[in-house]
Every structure is written in C-alpha cells, then in structure tokens.
Amino acid sequence: MSYFDAASSSPLHPVARQALLAALDDGWADPARLYKEGRKARLLLDAAREAAAEAVGCRADELVFTTSGTRAVHTGIAGALAGRRRVGRHLIVSAVEHSSVLHSAESLVAADGSVTEVPVDRTGAVSARAYGEALRPDTALACLQSANHEVGTVQPVAEVAEVCRAAGVPLLVDAAQSLGWGPVEGAWSLLAASAHKWGGPAGVGLLAVRKGVRFAAQGPVDERESGRSPGFENIPAIVAAAASLRAVRTEAAEEALRLRELTERIRARVPQLVPDVDVVGDPVRRLPGIVTFSCLYVDGETLLHELDRAGFSVSSGSSCTSSTLTPSHVLKAMGVLSEGNVRVSLPPGTTEEDVERFLAVLPGAVAGVREKLGAGVPAAVVKEDSLVVDALGKRCPIPVIELAKVIGDVPVGGTVRVLSDDEAARLDIPAWCEMRGQEYVGEEEGPAYVVRRTS
C-alpha cells in the first residue's frame, strides 16, 4: 500500500516516535510545579519550545503550543482582532485559505465585522498588489497561507508581508503545509502550524506572535502558555513535535530535490497517459511533494475507491467526494476543473518504484470509471442549431459527460444549453470549454449553461 496523502497528515517520523516514547517516562508531571518531577517536565517543555522557535525563526517567548493547528489559527485570528479592535473589525483573507481561516472569517461577519476575500489566479497564487488594494483604514488583520494545501502553490508571503507592514497591519501566516520544508520568510506578525503535517503527532499546534503585535487572548484563560492556550500541556506530544520538526528540517533540502523530481514526473506523464486531464497549480512555485490533476468525465469518489483498491491512498477536491456536493473552494477560486480531481502528496521516503506503479495503474483506473459512466458512448445525431441537455438531478460528472456527447451534434456556431442543478457544473462546464476549445456563453436562469461550438 502506498500512502500518497501526506498533505492531509504525514506518517509519524521515526524521531517523533522515539521522542514521544522517551517523554512519556519523563514528561508526565505538571511543569508548573517546583518538585523534581515538575522541574524535569518543565525542562522538556522549555527545550521543545526553544527548538520549535528556532525552526520558526522567532523568540522562544513568542511561541506557544496549542491543541491543534486549527486551534492555533482560531486563537491567532481572534486575539489579533481583539488586540486591534480600536482600529476596526476588517479582516483580509485569500480565496484559497484553509477552512480554519475561512471559518474564523465567517464568525467575524456574524459578529458584524467585515471580510475582504482576495482572489487568486489560475495557479492559485495571490498578488501583493491585490492585498494592498484590499487594505482599508479599519483593517485589523490580514491572513495568508504560506503554501496551498490542495494544489501546492507557494504564496508570495514576503511581498504581502511588506505591503501589510508599510500599512501598519499585522499579517498572520498559516504555515501548516510549508514549515517542515523551511522557515517562512518576510516580516510576518503571527504564524500558525500543525505538527501532524510534518511527521509529528496529531494534537499539537503552534502559534507564534511577534513582540509588539497587539494581542488579546479571548475566552477563559489560565497561567498555561502565556494565557493563550489554556489547559495542561501534552508534554510528550510537544516534545515529539519539536524533535520531528528539527529532524525533517535536517533532511529537507535533500528530500525536497528527490520529491520534486518525482512530482515533476507525475506532472509530465499523467497528461501523456490519460486523455482529457488538467494538471493544476503553479508548475514552479510549489511545494516539493504535491501534484494535483483533474480528469474529465470521471466521478472523483469512484476513482479514489479504484485507486485505493489498487493500493494507493490519495485525496481529492472534487465535489463527487463531498457530502455537500460542492466543489473544493480552492479549485473554484482558481477557476479550474474540479471533476475527477486527484491530489497526490508524497511523504518523505516515497520511492521511484512507488510513483512508477501509480503511473501504471492510473490510466486503467480512469478508463474503467469513464466506461462505467458511459463517457465513451456516442450520442444520437441531431442536426439543429441548438440542443437542450436535461441533466437536472444528475451529479458531477454526468452534466459534463452529457455535454461532451452532444457538442458534435450541432453545427459550428450552434449552441448546447445544459440544464443542471449540480453546483459543480457552474465551475466544470466553463473549465471543459477552455480545455476543449469551445465557447462558454454564460449561465441563464434555470439554471442553464450555454455553450457554443467553435470547431
């Protein structure tokens, strides 16, 4: 079995396992107590904080441990907004942030605050200029992930941080995906991360708040972690998290070169092996181990099951794998195809043989799903200037499959009107038009999506 979903959670690093077992014996006592066992636990906690702060690039007294990366984000955003409440209640986020940031933004709006969502280009990247244009006199905080968790695109954090610094607005960086590969450059103000993303144990996050940043912890607080993360510290897990972060950083340069070569191979060969595939994300400015592609005429959930049976664990941003039947907000913001989406995120240690086996299995898996869905069945020829495809009640990828079947049945210049109540159709039909060289006319009430045949 090959685990290719490291962007969701990376396997426990051997160093983390060793540190965790050792700390279970020595780090069980209350680090706030003055007796021997408490002092021993305090030494372990302080050493872990020093190691984590060195990796982040901040002072040890600027960093606290939380119960998760999500908790770190929520605490960071709430504390920074409260600390600058006299300035205003305006928050800036990118359209492709992790759900933890977007949920915080929703809470702010519900409490009569305001949020500006900065758009991204088709690679998933923001621009520093767009952040600058979003700044207002009442902007209390801006947020930006260091690298995208779904497509791997690396964001221009240093440039955005400089724009925010010049305006006197703190920038919170979600560094969950990138911190294991290296420190985040630039004059950021707050930083959040999660240990299970770099091979540490789940249940440990970290939050760094630079000195001078106005911050007011929200909710009940106690004496733990500078009052920013209440409750008894999980010292064994914290020690394991810090130890694994230091270990993966030591290996990062060599491992990045190796994984980047493997993902380049996937990016290049998947379009050669599988027809009608869109490889998404920035081809250059991206994390070493992530590659994402979408396959036309494929049910994402079925494809993931087929790959799982073949021995490969992958993830997807397709609406076909979602209980809400809505496409990934990241793919939607990028304006790229979402149906049949596959995210491959390679953990450290992935071999060339693993990747070659995946490339050998993928074409058959995609072809099998397409055959089950009838993507290759020719449609009846109807010589009219306009056709209506009734795909109401049918889910991704059926509306696009039905469109593809009949587009050749109208003359060049003729139109096809696809009736669909599937949320994914709003994204996938325009993306299909771009991939197939047809003209997307627009959406009409119904909802109906109109496509004009151009060739």
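The values are calculated or read from the model by the stated rules, or taken from the named source; none is laboratory data. All values reported here derive from a predicted model rather than from experimental measurement. Every residue, glycine as well, gets a Cβ built from its backbone with ideal geometry; the counts of neighbours run over all protein chains shown. Please note that ligands, DNA and RNA were not included when accessible areas were found on the heavy atoms of the full protein model with its side chains. Shrake-Rupley method; radii C 1.70, N 1.55, O 1.52, S 1.80 Å.
Kindly sort TYR440, TYR449, TYR35 by accessible area of their heavy atoms, largest first, with the probe set to 1.4 Å. Let's see the in-between values first.
Numbers: TYR440 70, TYR449 0, TYR35 115 Å².
Result, largest first: TYR35, TYR440, TYR449.
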| said: Taking the 0 to 90 degree range and rounding to the nearest ten, how far is the long axis of helix 69-83 tilted relative to the main principal axis of the chain, both from C-alpha atoms? | reply: 70
| query | How much accessible surface area, in Å² rounded to 10, belongs to the heavy atoms of LYS405 with a 1.4 Å probe? | reply | 50
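For region 45-186, what proportion of DSSP beta bridges, expressed in % and rounded to the nearest 5, is antiparallel? Before the final figure, lay out the partial values.
On the way: 1 of 13 bridges.
Taking every DSSP beta bridge within region 45-186, about 10 percent pair in antiparallel fashion.
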| query | With every protein chain present, what accessible area does ARG136 have (1.4 Å probe, heavy atoms only), rounded to the nearest 10 Å²? | reply | 100
| Tell me, what is the 1.4 Å probe accessible area of GLU261, in Å² to the nearest 10? | 90
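Can you check what the net charge comes to around HIS305, using other residues whose Cβ is under 12 Å from the Cβ of HIS305 (Lys, Arg +1; Asp, Glu -1)? Can you show the working numbers first?
Numbers: positive: ARG309, LYS372; negative: ASP299, GLU301, GLU306, ASP308.
Around HIS305, the charge tally is -2.
Quick check on region 144-294: of the DSSP beta bridges with both residues there, what percent are antiparallel, nearest 5%? Before the final figure, lay out each step's value.
Working: 10 of 15 bridges.
Of the beta bridges lying entirely in region 144-294, close to 65 percent run antiparallel.
Give me the Kirkwood hydrodynamic radius of region 119-217, using the inverse of the mean 1/r over all pairs of distinct Cα atoms, in Å to one decimal. Before the final figure, lay out each step's value.
Details: mean 1/r = 0.0708 Å⁻¹.
Roughly 14.1 Å, rounded to one decimal.
Under 14 Å from the Cβ of ALA128, count the other residues' Cβ atoms, weight Lys and Arg +1, Asp and Glu -1, and hand me the total. Can you show the working numbers first?
On the way: positive: ARG129, ARG165, ARG285; negative: ASP121, GLU133, GLU159, GLU162, GLU185.
Taking every other residue near ALA128 into account, the sum is -2.
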| message | Give me the extension gain from ALA202 to LEU257: residue separation times 0.36 nm, minus the current Cα-Cα distance, reported in nm with one decimal. | response | 17.1 nm
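How much area per residue is accessible in region 47-93 when the probe is 1.4 Å and only protein heavy atoms are counted (Å²)? Display every interim value, and only then the final one.
On the way: 1810 Å² over 47 residues.
Here the residues of region 47-93 average 38 Å² of exposed surface.
Give me the 1.4 Å probe accessible area per residue for region 202-357, excluding ligands and nucleic acids, in Å². Walk me through the numbers on the way to the answer.
Working: 6270 Å² over 156 residues.
So region 202-357 comes to 40 Å² accessible per residue, rounded to a whole number.
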| When the accessible area of the chain is split by element with a 1.4 Å probe, what percent falls to carbon and sulfur? | 52
| note | Summed over the other residues with a beta carbon less than 15 angstrom from that of GLY88, with K and R at +1 and D and E at -1, the charge totals +4
| Going 7 Å from the Cα of GLN218 toward and past its Cβ, which residues in region 127-171 have a backbone nitrogen under 17 Å from where you end up? | 139-144, 170-171
| field | Between 0 and 90°, nearest 10: helix 425-436 axis offset from the chain longest Cα axis | value | 70
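Could you order VAL418, VAL239 so the one with the most accessible surface comes first? Probe is 1.4 Å.
On the way: VAL418 0, VAL239 25 Å².
Largest accessible area first, the list is VAL239, VAL418.
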| If you put +1 on each Lys and Arg Cβ and -1 on each Asp and Glu Cβ, how big is the dipole of the chain around its Cα centre, in Debye rounded to 20? | 1180
| remark: Here the Cα Rg-to-2.2 N^0.38 Å ratio for region 49-207 is 0.96
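Using unit Cβ charges (K, R positive; D, E negative) and no other charged atoms, how large, in debye to the nearest 20, is the dipole of region 166-270 about its Cα centre? Each step should come with its number before you reach the end.
Values: 13 positive and 11 negative charges, 57 e Å.
Taking the Cα centre of region 166-270 as origin, the dipole is about 280 debye.
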| message | I need the calculated FRET efficiency for the pair GLU443 and SER313, taking r as the beta carbon distance and R₀ as 51 Å, to the nearest 0.05. | response | 0.90
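Compare the peptides 340-350, 19-29 by average per-residue count of other Cβ atoms within 10 angstrom and give them in order, highest first. Working shown, then result.
Details: 340-350: 25.3, 19-29: 17.2.
Ranked by mean Cβ neighbours within 10 Å, highest first: 340-350, 19-29.
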| message | List residues of region 290-304, by number, whose backbone nitrogen lies under 18 Å from a label position 7 Å along Cα→C-beta of LEU373. | response | 292-304
| field | Candidate residues ASP422, ASP138: accessible-area rank, largest first, probe 1.4 Å | value | ASP138, ASP422
| field | Fraction in percent of alpha-carbon pairs per bin - 5 Å, region 258-322 | value | 3, 16, 23, 27, 21, 8, 1
